[in-house]
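Structure record follows, encoded as structure tokens.
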Amino acid sequence: RFPKLRDKAKSIKMRELLSSYICTHPSVTYRPGLVSIIGTCASTLTQATDIYVTFSRIVDFTSIHTQSQLSKELATFLLIFRRFLPNLSRRFRDEGVSPNDWALPWIQNYLADCLPIECTLRLWDTYLCEKDGWGLHK
């Protein structure tokens, strides 16, 4: 997923930065998507401070979501999903695939854990360049 992170030193630094963030932000609980977010940051930035600041700003923004906000965003997404992809929606329902298993991580991790890195970066560029910023994700 992160070809530039095959460098062991950078991979270790990324792990240290993530651990540091988790230790200094007790309100944030670890989730696997955080690795994808910091990996996306580390794949384009070289300085540890730049990686950490970018990562922390993204996670700080995503962490302000309350459970009710996440539930509302998930409900809105599912409404759109059912409307525009009804066959796929029915298939997921028939197979017993819970939206909490796939859609919720998309919302929480800004698609960092499911898109190719190039697509994630392009999407995040849009978030960062637009006036509404990360709010476009909602």
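What follows draws every value from the coordinates through simple rules; no lab data is involved. The shown structure was predicted, so the numbers you read here are calculated from the model rather than taken from an experiment. Note that each Cβ is placed from the backbone with ideal geometry, even for glycine, and that neighbours are counted across all protein chains shown.
Roughly how tilted is helix 33-44, in degrees to the nearest 10 and between 0 and 90, from the longest Cα axis of the chain?
The answer is roughly 50 degrees.
Work out the length of the dipole vector of the chain about its Cα centre, built from +1 on the beta-carbon of each Lys and Arg and -1 on the beta-carbon of each Asp and Glu, and round it to the nearest 20 debye.
220
So if R0 is 35 Å, what FRET efficiency would residue 15 and residue 72 give, r being the distance between their Cβ atoms, rounded to the nearest 0.05?
Efficiency for this residue pair is about 0.55.
Let me have the 222 nm mean residue ellipticity of the chain computed from DSSP H runs of 4+ only, each contributing -39500 (n - 2.57), with the sum over all residues rounded to the nearest 500.
-22500 deg cm²/dmol
How far is helix 99-108 tilted, in degrees, relative to the longest principal axis of the Cα atoms in the chain, given as a value from 0 to 90 rounded to the nearest 10?
Helix 99-108 and the main axis of the chain meet at about 50 degrees.
Residue by residue through segment 45-59, which ³J(HN,Hα) values in whole Hz follow from phi under the Karplus form 6.51 cos²θ - 1.76 cosθ + 1.60 (θ = phi - 60°), with glycine and proline marked x?
My calculation for segment 45-59 gives 9, 10, 7, 4, 5, 5, 4, 5, 5, 4, 4, 5, 5, 5, 5 Hz in order.
Does anyone have the angle between helix 8-24 and the longest principal axis of the chain? Alpha-carbon axes, 0 to 90°, nearest 10?
70
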